[in-house]
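The values are calculated or read from the model by the stated rules, or taken from the named source; none is laboratory data. Note that the coordinates shown come from a computational prediction; the quantities given were computed from them, not determined experimentally. A quick note on method: Cβ atoms are made from the backbone with ideal geometry, for glycine too, and the neighbour counts reach across all protein chains shown. With ligands, DNA and RNA removed, areas are computed over all heavy atoms of the protein, side chains included. Shrake-Rupley method; radii C 1.70, N 1.55, O 1.52, S 1.80 Å.
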Amino acid sequence: MKQVFGLIFAALIGPAQAADTAELGRPPALETAAQPSQSMLGMLKEIETLKAEVAKLRGLTEVQAHQLDTLDKRQTDLYTDLDQRLSELAKAAKAAPVVAPVAPPGTVATPAADTQAETAAYEAALKLFREDDYKGAIADFKAFLKTWPDSALAPNAQYWIGYAYYGLKDYKTSLAHQQKLVVAYPASNKVPDAMLNIATNQVALNKLPAARKTLEQLIAKYPGTPAATQASKRLAALK
């Protein structure tokens with residue numbers, strides 16, 4: 001009888017043990033195969049997170065660098081323009097007569113008086129630009145060009161119109177006005193600055209190949225100028 005019960009018990013227990021063995025045997029193998037995938041996915045997620053953080057930091061750095069370049073460029077422009085105006089005033093003073101007669105009412109203005117009005121109008125427009133009144137500066141500089149189209153300060157006025165549009169973030173119009181300066185006043189000392197501003201607008205308009213070409217032309221045509229120095233820095237940042 002005991003042997004019979006033993007055989008029955010063995011028959012019942014055997015399959016169960018085999019099943020348990022199978023169940024215990026397979027999962028570890030599956031888990032072992034799955035563990036590397038889970039670990040790899042975790043590492044990939046961490047890498048992507050780090051990449052995103054690096055990209056964000058790089059973007060902030062580029063923005064700050066551009067802001068510094070812009071501030072430096074604006075300061076350079078103001079000093080350059082001041083030197084130009086002082087030079088033009090000195091020339092006008094030499095050309096003007098020592099004693100200018102007082103014209104009676106209704107007569108045509110003398111050249112000396114016209115020069116003074118010209119200089120005053122230019123300085124008034126430049127003052128608006130310095131105060132960040134870009135719309136007012138654009139209107140006054142355009143009026144200046146209409147009144148004195150042949151003025152020695154005409155290229156400067158054209159340049160500040162373009163720069164004022166840049167201040168208004170109207171990059172397309174700013175680009176057009178700076179290009180107009182380069183074409184209309186090719187001998188002006190404002191051409192290098194205008195070309196630098198052209199490249200700046202091209203970057204803002206996401207025309208990077210055109211911006212690189214403009215900077216390369218500026219460096220080649222006007223080496224040693226402050227604008228060429230700035231162009232070299234910006235060209236290195238774009239590569």
Return the residue satisfying two criteria in turn: it lies in the range 209-226 and is free of Cβ contacts under 8 Å to residues at least 60 places away in the same chain, in a helix (DSSP H, G or I) and in contact with a helix residue (DSSP H, G or I) (Cβ under 6 Å, 6 or more places away or on another chain), and of such residues it is surrounded by the most Cβ atoms within 10 Å (Cβ to Cβ). LEU215
What pairs can you find where one residue is in the range 228-239 and assigned to a helix (DSSP H, G or I), the other is of a type in the set (Lys, Arg) and open to solvent by 40 Å² or more (accessible area, probe 1.4 Å), and their Cβ atoms are less than 9 Å apart, with a gap of 6+ or different chains? ALA228/LYS221; LEU235/ARG212; LEU238/ARG212
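Matching residues to (1) closer than 23 Å to ALA237 by Cα; (2) modelled with pLDDT of 95 or more; (3) buried (at least 20 other Cβ atoms within 10 Å of the Cβ); (4) more than 13 Å from the chain's Cα centre (by Cα):
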| site | (1), (2), (3), (4) |
| --- | --- |
| GLN158 | no, yes, yes, yes |
| GLY162 | no, yes, yes, yes |
| LYS172 | yes, yes, no, yes |
| LEU205 | yes, yes, no, no |
Within the range 115-138, of all residues that are farther than 18 Å from ALA152 by Cα, loosely packed, with under 15 Cβ neighbours inside 10 Å and not acidic (Asp, Glu), the one modelled with the highest pLDDT is LYS135
Checking ALA124 against (1) more than 21 Å from TYR185 (Cα to Cα); (2) not in a helix (DSSP H, G or I), which test does it fail? (2)
Name the residue, out of ASN189, ASN201, ASN197, that is open to solvent by 70 Å² or more (accessible area, probe 1.4 Å) and either touching a helix residue (DSSP H, G or I) at 6+ places or on another chain (Cβ under 6 Å) or modelled with pLDDT under 95 (or both). ASN189
Condition (residue is acidic (Asp, Glu), outside any loop (DSSP other than H, G, I, E, B), modelled with pLDDT under 95 and touching a Ser or Thr at 6+ places or on another chain (Cβ under 7 Å)) applied to the range 86-104: is it met by at least one residue? no
For the range 127-138, give me each residue that is in a helix (DSSP H, G or I) and free of Cβ contacts under 8 Å to residues at least 12 places away in the same chain. LYS127, GLY136
Per the filter on the range 34-52, residues open to solvent by less than 100 Å² (accessible area, probe 1.4 Å) and either modelled with pLDDT under 70 or under 32 Å from the mean Cα position of the chain (by Cα) (or both) are ALA34, PRO36, ILE47, THR49, ALA52
Those residues of the range 174-186 which are among the β-branched types (Val, Ile, Thr) and surrounded by fewer than 16 Cβ atoms within 10 Å (Cβ to Cβ), in sequence order: VAL183
